[in-house]
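Written out below as structure tokens is the structure these notes cover.
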Amino acid sequence: MTGPTLQEQARALGDPTRHAIFRHIAACGHPVGIAELNERFPLNHNAIRQHLAKLVGAGLVVEAKSPASGRGRPRLVYEVDPAMEGRWDTTGPYERLSRLLVEVVRTGRTARDVGRGAAELFRGRPASGDAVADIGAAMARHGFDPEVRPAPGGADVVLQRCPFAAAALEGRSTVCALHLGIAEGLVEGTAATVTELVADDPRRAGCRLRVRSTPDGPVDAAGPATLTLHRKGGVL
């Protein structure tokens, strides 16, 4: 079964108000609720819902439930479908990478440190309290196609796709250090730690983020995690 066509997406964005809603969701960089959209656009809730349904149906926006907080049902939130990044004037993965690399050059900070500082931009939604799930969700949103596999003392998040393969081939230590830092930032303040990023050939992917629980409480995200760069036949 194929997804929506470009023509269907173009028709969905052909309505000026719907296009403005799509652009607002894309610009926010985090899941947006109906109440927030209602404050931004002079429409009633039902009209907002109808526009969102068209965007979801066209594969432009995805709908999810926010983490439960207090009484009542979790609210519905919306964000741009990760498959649309770089299309329809949205920010693509290489634009995000270029901004992080500019930050490394501009500030003189390490790539890992810049990655930790960018973690909240990758999270895109409130922390759920499950560090492994948060890393998986963040990496999924940014095109890494993660698979969470249980492991002794925690889990491995296997990144089955590298959205930055071309750049990583030229500068693996820098690009992979950025993503190790992002993962560390995502678990900062939780009872978990990222112990290692085992990075394989970006063309084949299969890199592993090793996440382990720390029963004694929150740990420092700047701890001694290691970055291991594999190549065919050995380690770099």
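The values are calculated or read from the model by the stated rules, or taken from the named source; none is laboratory data. Please read these numbers as outputs of a predicted model, since none were measured by experiment. Every residue, glycine as well, gets a Cβ built from its backbone with ideal geometry; the counts of neighbours run over all protein chains shown. These accessible areas exclude ligands, DNA and RNA; they are computed on the full protein's heavy atoms, side chains included. Shrake-Rupley method; radii C 1.70, N 1.55, O 1.52, S 1.80 Å.
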If packing is taken as the average number of other Cβ atoms within 10 Å across a peptide's residues, how do 188-201, 95-108, 8-21 rank, most packed first?
188-201, 8-21, 95-108
Other residues with Cβ under 14 Å from the Cβ of Leu101 give, with Lys and Arg +1 and Asp and Glu -1, a net charge of +2
Span from the segment 134-204 Cα centroid across to the segment 13-49 one, whole angstrom
31
Once the mean 1/r over all distinct Cα pairs of segment 121-217 is inverted, what Kirkwood radius in angstroms do you read off?
13.3
Here, Arg75 and Gln7, labelled 7 Å along Cα→Cβ, have an inter-label distance in nm of 3.8
Candidate residues Lys65, Lys54: accessible-area rank, largest first, probe 1.4 Å:
Lys65, Lys54
What list of ³J(HN,Hα) values in whole Hz, one per residue of segment 185-195 in order, does the Karplus curve 6.51 cos²θ - 1.76 cosθ + 1.60 (θ = phi - 60°) give from phi, with Gly and Pro shown as x?
x, 5, 9, 4, x, 9, 8, 8, 9, 8, 8
